[in-house]
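> Here it is, the structure in full.
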Amino acid sequence: MANLVAKNEMLARLYTLAGNKDKAIDHFEELLQLNSSNSRYYYEILKIRGIEKKTSYSEEEEAKIQEILGEYEKNLPKATAHQRIALALLSGERFKNKLASYAKPLISKGAPAFL
């Protein structure tokens, strides 16, 4: 398993450096299948897709962030890292909507980590 993670991380970095975005994203997505809680993989995918980590984003960038992370929310429904990243990056109504969809199930379950 560790060799598979190391291999995919190396290939993802090399493809990123070579400018082959699609293959880099494919390897990061393989890594997410192995460990969907690793937020670094999500940030790397966002970076490859043109979203640099910064303090605030334009409406267009926020829409793109929501779209990209929404794909992983559908494909990795039990993971929460993509939702927490969205909460960290979104603002305004997008943030409120994401917070509501993230918090409601946790509050109704009485999740101690959330409370």
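Read the figures in this text as sums done on the coordinates, not as results from a lab. All values derive from a computational prediction rather than experimental measurement. Positions of Cβ are backbone-derived with ideal geometry, glycine not excepted, and every protein chain shown enters the neighbour counts.
> If you place +1 on the Cβ of every Lys and Arg and -1 on the Cβ of every Asp and Glu, how big does the dipole about the Cα centre of segment 2-109 come out, in debye to the nearest 20?
Values: 18 positive and 15 negative charges, 82 e Å.
Dipole size: approximately 400 debye.
> While we're on this one: Can you pull out the trypsin sites (Lys or Arg not before Pro) in segment 42-102 that DSSP calls coil and that have at most 13 other Cβ atoms within 10 Å?
Within segment 42-102, the qualifying trypsin sites (Lys or Arg not before Pro) (loop, at most 13 other Cβ atoms within 10 Å) are Arg49, Lys53, Lys54, Lys78.
> Fewest first, what order do Leu90, Leu14 take by the number of other Cβ atoms within 10 Å?
Fewest to most other Cβ atoms nearby, the residues stand as Leu14, Leu90.
> What do you get for the angle between helix 2-18 and the principal long axis of the chain? Use alpha-carbon atoms, 0 to 90 degrees, nearest ten.
Long axis of 2-18 versus the principal axis of the chain: about 80 degrees.
> If I fit a long axis through the Cα atoms of helix 21-34 and take the longest principal axis of the Cα atoms of the chain, what angle between them do I get, 0 to 90°, rounded to 10?
Once rounded, one gets 60 degrees.
> Quick check: net charge around Arg94, other residues with Cβ under 14 Å of its Cβ, Lys/Arg +1 and Asp/Glu -1?
Local charge sum for Arg94: -4.
> Then there is this: Just one of [x] 16.4; [y] 15.1; [z] 19.6 is Kirkwood radius over Cα pairs in Å calculated from these coordinates, so which is it?
Looking at Kirkwood radius over Cα pairs in Å for this model, the match is [y].
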